[in-house]
Amino acid sequence: PDSMRETRLFERGNWLAHGEVVQPGVPQAIDNNAKTEIKNRLDFAQWLVSDNNPLTARVMVNRFWERIFGIGMIESLEDLGTQGYEASHPELLDWLAIQFRQENDWSIRQLVRTIVLSSTYRQSSAISDELLQSDPYNRLLARAPRIRLSAEQIRDQALVVSGLFNSKVYGPSVMPH
């Protein structure tokens, strides 16, 4: 407590104009109840992954869904709050977040495995005129995404399968610090 620095708000974002002193805690915009007492960064990190905060798991699931399908269940990856888009499949997002956080103990591997073994991921990317008319951006996931892997991922997979992939890194880095 003696070595804690005093933290102040900046008036209009100007770091030279100091405002009122603020105390550590969960931002009120995130937790209206503010029943959680936060004294340091470790307390805040533990609160982020606690059962009282479902947002972290939802954000993680949505980001991995976006990497796999090309578009997230919530389109705005950076804003899952009141200003962002609504989820296209809210029940699925909640179920995957609960699986990810509680049953799979934050295992990214299990999350990706669950998604890629689903019938949604394994369906054909062929499109009919009827589907194109009703859902042109494939928000309802009636078909698989047209592009599943990036060019670099395809190259790396081909090298690994052929036995030509070399995991060693040679020479000095291109952009040294």
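Binning all Cα-Cα separations of the stretch 79-177 at 5 Å, short to long from zero, yields these whole-percent fractions: 2, 9, 11, 14, 17, 15, 12, 9, 8, 3, 1. Averaged over residues, the count of other Cβ atoms within 10 Å places the peptides 105-114, 51-60 in the sequence 51-60, 105-114, highest first. Of the solvent-accessible surface of the chain, computed with a 1.4 Å probe and all protein chains present, 53% belongs to carbon and sulfur. Stretching the chain fully between Asp129 and Ser50 yields a gain of 23.9 nm (0.36 nm per residue, less the alpha carbon separation).
Any idea what % of Cα-Cα pairs in the stretch 61-122 are farther than 17 Å? The answer is 37 percent, as a whole percent.
Counting only heavy atoms of protein chains, what accessible area per residue, in Å², does the chain have with a probe of 1.4 Å? Display every interim value, and only then the final one.
Numbers: 13950 Å² over 177 residues.
Per residue, the chain has 79 Å² of solvent-accessible surface.
Over the residues of the chain, the helix contribution to mean residue ellipticity at 222 nm works out to -10000 deg cm²/dmol, using -39500 (n - 2.57) for each DSSP H run of at least 4.
Taking Rg and Dmax of the Cα atoms in Å as the quantity of interest, determine which of [x] 15.8, 55; [y] 17.3, 50; [z] 22.3, 69 was computed from the displayed structure. Recomputing Rg and Dmax of the Cα atoms in Å here gives the entry labelled [z].
The values are calculated or read from the model by the stated rules, or taken from the named source; none is laboratory data. Because the structure is a prediction, the values reported are computed rather than measured. A quick note on method: Cβ atoms are made from the backbone with ideal geometry, for glycine too, and the neighbour counts reach across all protein chains shown. Side chains included, ligands, DNA and RNA excluded: accessible areas come from the protein's heavy atoms. Shrake-Rupley method; radii C 1.70, N 1.55, O 1.52, S 1.80 Å.
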